[in-house]
Structures are given as structure tokens and as C-alpha cells.
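> Pasting a structure below so you can have a look.
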Amino acid sequence: MSEAAWLTDDHRAFGATVRRFFAEDYEPNRARWSEERRVPHAFWEKAGAFGIIGASVPVTYGGSGLPRTFDLVTYMEQGRIGDTGWGIMVHGIVQHYLLAFATEEQKRAWLPKLASGEWVGAIAMTEPGTGSDLQSVRTTAVRDGNGYVLNGNKTFISNAANADFIIVVAKTDPSAGARGISLMALETAGADGFRRGRHLAKIGMDRQDTMELSFQDVRIPRMNLIGEEEGRGFYQLMGQLPWERLTIAVSALAASRCALDTTLDYVKNRKTFGQRLMDYQNTRFKLAEAKAEIEIFASFVDRLVGELEDGTLTPERAAMAKFWGSEMQGRIVDNCLQMHGGYGYMNEYRIAELYRDARVQRIYGGTNEIMRELVARSLDRD
Ligand SMILES: Cc1cc2nc3c(=O)[nH]c(=O)nc-3n(C[C@H](O)[C@H](O)[C@H](O)COP(=O)(O)OP(=O)(O)OC[C@H]3O[C@@H](n4cnc5c(N)ncnc54)[C@H](O)[C@@H]3O)c2cc1C
């Protein structure tokens, strides 16, 4: 499989370290953490000590000061082992919100803890009544003395069981629509009125702790308004979503490669009617199509990574990669599962987990219908 065009020797060396880390410290615990439905907090700290989760955080704020592409290398290595359970992408998104929008004081206070893994990050946008239509969030952050009082409910929040630091999307001015939205930082330790609700049972992403959250008169210091200016939340969200969507595209690519690799291994060994499955034309053509789709999509992703680096990545191009890549992933894992026959439906086979995990890629990070809408709007503008 050809490698990403933007990889340098430094990326390769970093990737080798991450691969070893996953092999030695993640894989042996995979089954247990699936049963526990979370990756323990201590593992985050270990990953922090290895320089994995703070890779793209500047040295001043406790990270390694590497370009964001090093985070992409980590996500590709995670995809190589067919994992989506450990919520490092969400954690990375939180770090990048702070790098882009937080004040110097906020960065110094929070980023070192997020880079070391002492803190696990989460972002809480979705509510029971509102997912795609973010402008309609009902959680409020009302000014009170030298701080805010937070009230509301969130759902489907990744990393919620472990989270020490949550970016909460709230209305500071409910009458102002999108311009009334702000991002509030909640430090969960000792936060009165903050509750973690149900640990949600999902069809996939077994090791990901996805939960409901509630806030009842939770006091937040004034300093925890990200960027210190009210009403900037929607703009801040829109600014970071292309990065989030690119990371989903990268993970879709990596998971598709993992599906192809594991299936090649299977069809070259399994025999029916005296022949290897690999010898049937149907198998050969389906796998050839998967390979072609992966290679073509990889070229597009390479282009977008270049655009990210030179600051020209647009929301609509990131949206295209998110919806097309996650749908490609869905097609490939479905075909690959079929080639495993009944074994593909058994959880002990990697393809089964890849199949269950793939479905959500079309839903979170903005549904694929919303992605199409973003692309369509850009066509209407042109
Ligand atoms: C495993 C998992 C992890 C998640 N992690 C997080 C997290 O960490 N933080 C967080 O904030 N959220 C998280 N989410 C929530 C996720 O982002 C939302 O589920 C998603 O944005 C869709 O919102 P919804 O579920 O309310 O669906 P809805 O918005 O109710 O949409 C339902 C359907 O209607 C379609 N639809 C809606 N509006 C339109 C429209 N204008 N045009 C056409 N079709 C439309 C949608 O595409 C979808 O098919 C997670 C979800 C899951 C499943």
C-alpha cells in the first residue's frame, strides 16, 4: 500500500514509536477494555509520557511542538490496528480549540495537563433535542458575579467517563441565535452540579466511553470563557470543524486499509471447493476495487493535508472527504465482511469490529447529509 505523500523520515520514526506503543501497551488490553467499555485514565497518562498525545502542542505548553501531521500519523497507526475506541482524536480536537482560540493565560493553565495526559479532554455540543442544528442548543451559561452559571444536558459525549476538561457549547445570550453561543471550559474535578449520566451502550466503538452529561447550576469562573469574548462559539466551532472532519477522513482511510489487509490475509488462507477464496474472480475484483478506492481517496487526503498545512483547507473540501471517505469505508468493510462468510459475523474476527465501528463515521462529526449540504451551499455560492 503506498504511503502518504507528506510523510518525512521524522514522521516515519514517530510512527514506528506509536506502532510499538500500540502493540505493547494497547493490544494486550483490548479485550478487557472492551468489556469495561473504556480505556483507563492511567493509559492516557502513559501515552502522554510517550509524547503521543501532546505531539502537536507547542513546547511552551508542555507538548512536543511538532506539526499537526504528527497527530495524523498517530490516527493512522490507530487505524492500522483497527481501533476507534481510544478517544485521542476528540482529545486532539480539544487541544486545537485551545491553541486556536484560548488566551495565553488559558493555554498556560490547561494545555500542559492535556498534553501530559493528566487531563482527558471532551467536547460537549450535542444535546438530547439538538445534534445537527447546533444553533438550537439549550444549555445556558448565565453571567453571575465574576463567573457563569451553567445549566443544561448533553448526550453522546465521547471520553465522558474519563473527562477532566470539557468544552461545553452553551448560550450566553439565548436571544442572539448563533451569535449568542460561547464555548465554556469546565474543569470537572469538584464541579458541584455536574453529573455524568448513563454510560451509553453502542453497537460499536466498544472501548469508547460515550455518556450523557448534565449541568445544574454549575459555577464556572469568568476566566473559563474560551477566548474571553462572549458570542464567538459558533464561529470557533466552524473554524475547527474542517480539522475534525479531516481527522475522520484519515481514520476512514486507515480503517479501510486495515479491512483490506485483514481480508487479504483471510482469503489467501481459506479454501472452498478446493481453491483459495483469493482465486475466485468475485473476490479478486472486489478487493481490486477496494484497493483502487483506497489509493484514489488517499491522494485526495494528501491534497487536503497540504491545504491544512498552508491554511487553505475549506469547510466544503473537508466535508467532501468526510462523507466520501466514511462511505467508502462502509462499502469496503461490508464487502470484506462478506468474504469472511460466517466468521465475519463473529466478534473474534477483526473485520467484525471494523464493520460495527464503521457505521458511526457517517453520523458523528456532522452527519453525511449535513456534509452534502455544506458542499451544495458552496456550489450555490460559486
Ligand atoms: C458514538 C458517538 C460519539 C459522539 N461523540 C460526540 C461528542 O464527543 N461530542 C458531541 O457533541 N457529539 C457527539 N456525538 C453526536 C453526533 O455529533 C450527533 O449524533 C450528530 O451530529 C447528529 O445529531 P443527532 O444525533 O441529533 O441527529 P439529528 O440532527 O436529529 O439528525 C437525524 C437525521 O436527520 C438528518 N438531518 C438533520 N438535519 C438535516 C438537514 N438540514 N438536511 C438533511 N438531513 C438532515 C441527519 O443527517 C440524520 O440523518 C456522538 C455521536 C455518536 C453516535
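The values are calculated or read from the model by the stated rules, or taken from the named source; none is laboratory data. What you see is a predicted model, and the numbers here were worked out from it, not measured in a lab. Ideal geometry is used to build each Cβ from the backbone, glycine not excepted, and the neighbour counts take in all protein chains shown. Just the protein is used for accessible areas: all its heavy atoms, side chains included, with ligands, DNA and RNA removed. Shrake-Rupley method; radii C 1.70, N 1.55, O 1.52, S 1.80 Å.
> So L241 passes all but one of these: (1) within 12 Å of the ligand (Cβ to nearest atom); (2) at pLDDT 95 or above. Which condition number does it fail?
So the condition that L241 fails would be (2).
> Every residue in region 194-210 that is more than 11 Å from the ligand (Cβ to nearest atom), open to solvent by less than 70 Å² (accessible area, probe 1.4 Å) and in contact with a Leu (Cβ under 8 Å, 6 or more places away or on another chain), please.
Correct list: F194, G197.
> Just to be sure, is G239 surrounded by fewer than 16 Cβ atoms within 10 Å (Cβ to Cβ) and either in contact (Cβ under 8 Å) with a residue 40 or more places away in the chain or part of a helix (DSSP H, G or I) (or both)?
Details: surrounded by fewer than 16 Cβ atoms within 10 Å (Cβ to Cβ): yes; either in contact (Cβ under 8 Å) with a residue 40 or more places away in the chain or part of a helix (DSSP H, G or I) (or both): yes.
It is true that G239 is surrounded by fewer than 16 Cβ atoms within 10 Å (Cβ to Cβ) and either in contact (Cβ under 8 Å) with a residue 40 or more places away in the chain or part of a helix (DSSP H, G or I) (or both).
> Would you confirm, using the coordinates I've provided, whether T155 is closer than 16 Å to L225 by Cβ, touching a Leu at 6+ places or on another chain (Cβ under 8 Å) and in contact (Cβ under 8 Å) with a residue 24 or more places away in the chain?
Spelling it out, it is not the case that T155 is closer than 16 Å to L225 by Cβ, touching a Leu at 6+ places or on another chain (Cβ under 8 Å) and in contact (Cβ under 8 Å) with a residue 24 or more places away in the chain.
> Residues in region 157-175: is at least one within 12 Å of the ligand (Cβ to nearest atom) and on the phi > 0 side of the Ramachandran plot?
yes
> Further, regarding this structure: Would a scan of region 138-152 turn up a residue that is modelled with pLDDT of 95 or more, within 21 Å of the chain's Cα centre (by Cα) and more than 30 Å from Y349 (Cβ to Cβ)?
no
> Please work out which residue is nearest to Y97 (Cα to Cα), limiting yourself to region 138-154 and to residues that are in a loop (DSSP other than H, G, I, E, B) and either open to solvent by less than 20 Å² (accessible area, probe 1.4 Å) or more than 15 Å from the ligand (Cβ to nearest atom) (or both). It would help to see each step written out before you state the result.
Taking region 138-154 and keeping what is in a loop (DSSP other than H, G, I, E, B), we get 138-139, 145-146.
Then drop every residue that is not either open to solvent by less than 20 Å² (accessible area, probe 1.4 Å) or more than 15 Å from the ligand (Cβ to nearest atom) (or both), which leaves 139, 145-146.
Details: T139: 20, G145: 26, N146: 24 Å.
Ranking the candidates gives T139 first.
> Within region 99-122, which residues are under 27 Å from G177 (Cα atoms) and either within 16 Å of the chain's Cα centre (by Cα) or within 16 Å of the ligand (Cβ to nearest atom) (or both)? Step through it out loud before you land on a result.
The initial filter retains those residues of region 99-122 that are under 27 Å from G177 (Cα atoms), namely 99-103, 106, 121-122.
G121, A122 - these are the residues of region 99-122 that are under 27 Å from G177 (Cα atoms) and either within 16 Å of the chain's Cα centre (by Cα) or within 16 Å of the ligand (Cβ to nearest atom) (or both).
> Which condition number in (1) buried (at least 20 other Cβ atoms within 10 Å of the Cβ); (2) without any contact (Cβ under 8 Å) to a residue 12 or more places away in the chain; (3) hydrophobic (A, V, I, L, M, F, W, C) is the one that W86 fails?
Only one criterion is unmet by W86, namely (2).
> Let me confirm something: among Q135, Q95, which residue is at pLDDT 95 or above and either more than 10 Å from the ligand (Cβ to nearest atom) or charged (D, E, K, R) (or both)?
Working: Q135 fails: at pLDDT 95 or above.
Of Q135, Q95, the one residue that is at pLDDT 95 or above and either more than 10 Å from the ligand (Cβ to nearest atom) or charged (D, E, K, R) (or both) is Q95.
> Any idea how many residues of region 155-176 are open to solvent by less than 30 Å² (accessible area, probe 1.4 Å), farther than 19 Å from Q95 by Cβ and not β-branched (V, I, T)?
Summing the residues that are open to solvent by less than 30 Å² (accessible area, probe 1.4 Å), farther than 19 Å from Q95 by Cβ and not β-branched (V, I, T) in region 155-176 gives 3.
> Does region 123-137 hold any residues that are in a loop (DSSP other than H, G, I, E, B), under 20 Å from the mean Cα position of the chain (by Cα) and more than 18 Å from V94 (Cα to Cα), and which are they?
Going through region 123-137, the residues in a loop (DSSP other than H, G, I, E, B) turn out to be 125-126, 128-129, 131-133, 137.
Subset that is under 20 Å from the mean Cα position of the chain (by Cα): 125-126, 131-133.
G131, S132, D133 - these are the residues of region 123-137 that are in a loop (DSSP other than H, G, I, E, B), under 20 Å from the mean Cα position of the chain (by Cα) and more than 18 Å from V94 (Cα to Cα).
> Return the residues of region 299-327 that are of a type in the set (G, A, S) and in contact with an Asp or Glu (Cβ under 9 Å, 6 or more places away or on another chain); say none if nothing qualifies. Show your work before the answer.
Of all residues in region 299-327, those of a type in the set (G, A, S) come to 299, 306, 311, 318-319, 321, 325-326.
Listed by number, the residues that qualify are A318, A319.
> Consider only pairs whose beta carbons are under 7 Å apart and that are at least six residues apart or on different chains; among these, list those whose first residue lies in region 123-137 and is within 20 Å of G87 (Cα to Cα) and whose second residue is surrounded by 12 or more Cβ atoms within 10 Å (Cβ to Cβ) and modelled with pLDDT under 95.
Taking only residues 6 or more apart or on different chains, the pairs are M125/L134.
> State whether the residues of region 260-268 include one that is open to solvent by 50 Å² or more (accessible area, probe 1.4 Å), more than 16 Å from the ligand (Cβ to nearest atom), touching a strand residue (DSSP E or B) at 6+ places or on another chain (Cβ under 7 Å) and more than 26 Å from T126 (Cα to Cα).
Filtering region 260-268 down to residues open to solvent by 50 Å² or more (accessible area, probe 1.4 Å) leaves 261, 265, 268.
Retained after the next criterion (residues that are more than 16 Å from the ligand (Cβ to nearest atom)): 261, 265, 268.
Now restrict to residues that are touching a strand residue (DSSP E or B) at 6+ places or on another chain (Cβ under 7 Å): 268.
Subset that is more than 26 Å from T126 (Cα to Cα): 268.
So far as region 260-268 goes, yes, one or more of its residues are open to solvent by 50 Å² or more (accessible area, probe 1.4 Å), more than 16 Å from the ligand (Cβ to nearest atom), touching a strand residue (DSSP E or B) at 6+ places or on another chain (Cβ under 7 Å) and more than 26 Å from T126 (Cα to Cα).
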